[in-house]
Amino acid sequence: MTDQTAQVTERGTEQLTERSCDVAVIGAGVSGLRAAQKLQGSGVSVRVFEARDRVGGRVLSPRRGTGDRAIDLGATWFWPNEQRVIELVAEAGLGIFPQHMAGDMLFQNGPDQSGPVQRLSGNQLDVPSGRLVAGMASIAIALENSLVPNTVELGEAVSAVIPDGDEVVVHTQTQRVVASHVVIALPPALAVARIDFGGALGEHVSTVAAATPVWMGTTIKVVAVFERAFWRSRGLAGAAFSYAGPMREIHDMSGPDGQPAALFGFCSTPPSDDAPTTDAVIAQFAELFGDAASHPTSVDIMDWRREPHTTPPEALAANNYQTYGHAAYQTPAMDGRLHWAGTETSIEAPGHVEGALAAADRAVIAITGLAPPTEPDKEDQ
Ligand SMILES: Cc1cc2nc3c(=O)[nH]c(=O)nc-3n(C[C@H](O)[C@H](O)[C@H](O)COP(=O)(O)OP(=O)(O)OC[C@H]3O[C@@H](n4cnc5c(N)ncnc54)[C@H](O)[C@@H]3O)c2cc1C
């Protein structure tokens, strides 16, 4: 089937565009974009439907500081064993640097034990990891840039995926798209909460999907930017563990050479509570790191619990992480036409960006029957 944009039909008073393609990918996070890239590389026609007005999903890196420097409100790190991320970053020529770890960490007990802030020798909180100069979202942007122009359609939330004979029909508010295959590249719990599968998903898969937690989907991430990384000159790593404020874990999020200078924290706020205020997080930074932390140049508080295109309310209490990479996701559903991607479905590194890439690769192999090309053995060259 080739990519066709065809008739416009009337649905009530609305106009509905009718289209067809080989594969409809739902979600333009890292996983959906990777699947689209590999499928187009195999000569398959692809359309990607994305609910938000941006690509990347749980990678989100707004500019802070000068040039292309950014902070990460979603994923931050990659690790040395994550081959797909490392290869992708190298292919795209993205700048990388190591996570800052040097210095001592801080520890603070809860108010009921009201201990002072303790300085612990060394940094037991961070492990060696890599960061991207332009933020983790630069991976998503690089993937999107590698696609045929206009492959990704933003602001197109998919509401239904219904089998029809040998095909699958994907519905958005404005389009009806007929495809041979569909790739579901979003958190499984979100997929079953928001998309009507016409009863064709099967009870077992639907139950597993509804029980699968959204990785980091109940997290609030706080990033504060400062004029300079003042904690480093005091021999501090910027790492802290605290029971005494909204943020539990704090890490250095500065760019290379300390610019932009930034600290970030993960909050431990219960799902039903409001996100902490800017004043509350500044107060905690100042209690831990001193007065110099009282005057950030910016504070971002990203509440992933309230992102409708990441975490549906139904998934806030899901906690069965055994469902990650579940067997139900490893084989296609809907008579071989529906393929799971998305990090939660991966056997390798589920939850990580690496897992999002691995899940996409599995879906692509199932559709094309082709393993992705491997690197030539260096000794053969
Ligand atoms: C705060 C935080 C910190 C993290 N830290 C790290 C880290 O340091 N390292 C790491 O490796 N990973 C980290 N992660 C996890 C990492 O971000 C994810 O593993 C990865 O981005 C998931 O990609 P994905 O494509 O599977 O899903 P998503 O990024 O969730 O993409 C799904 C896409 O589908 C879209 N969508 C949703 N519903 C619809 C619909 N109905 N129709 C069309 N589109 C739809 C969404 O808008 C989204 O763009 C972190 C995540 C968070 C939130």
Here, the stretch 165-318 modelled as identical Cα point scatterers in vacuum has Debye log10 I(q)/I(0) at q = 0.08 Å⁻¹ of -0.36
Please give the net charge around residue 71, taking every other residue with its beta carbon less than 13 angstrom from that of residue 71, where Lys and Arg add +1 and Asp and Glu add -1. +1
Whole Å is fine, so just give me how far the alpha carbon centre of the stretch 206-267 lies from that of the stretch 29-105. 18
Please list, in chain and number order, the residues 5+ apart from residue 79 or on another chain whose amide H is under 5 Å from its amide H, with Hs placed from the backbone. 130
Dividing the helical contributions, -39500 (n - 2.57) per DSSP H run of n ≥ 4, by the residues of the chain yields a 222 nm value, nearest 500 deg cm²/dmol, of -6000 deg cm²/dmol
If you project the alpha carbons of the chain onto their three principal axes, what span does each projection cover, largest first, in Å? 67, 56, 38
Among bridges DSSP assigns within the chain, what percent are antiparallel (round to 5)? 65
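Can you list, largest first and rounded to whole Å, the semi-axes you get for the stretch 289-365 by taking the square root of 5 times each eigenvalue of its Cα gyration tensor?
Taking √(5λ) for each eigenvalue gives 35, 15, 12 Å, largest first.
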Let me check I've understood the local charge: for residue 257, count other residues with C-beta under 13 angstrom from its C-beta, Lys and Arg +1, Asp and Glu -1. What total comes out? +3
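Just the Kirkwood number for the stretch 87-217, please: inverse of mean 1/r across all distinct Cα pairs, in Å, one decimal.
Roughly 19.6 Å, rounded to one decimal.
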Within the accessible area of the chain, what % is carbon and sulfur when the probe is 1.4 Å and the other protein chains stay in place? 51
On average, how much accessible surface per residue is there in the stretch 56-211, in Å², for a 1.4 Å probe, leaving out ligands, DNA and RNA? 45
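The values are calculated or read from the model by the stated rules, or taken from the named source; none is laboratory data. The structure displayed is predicted, hence computed values, not measured ones. Quick reminder, even Gly has a Cβ in these numbers, built from the backbone with ideal geometry, and neighbours come from all protein chains shown. In case anyone asks, the SASA skips ligands and DNA or RNA and just uses the protein heavy atoms, side chains included. Shrake-Rupley method; radii C 1.70, N 1.55, O 1.52, S 1.80 Å.
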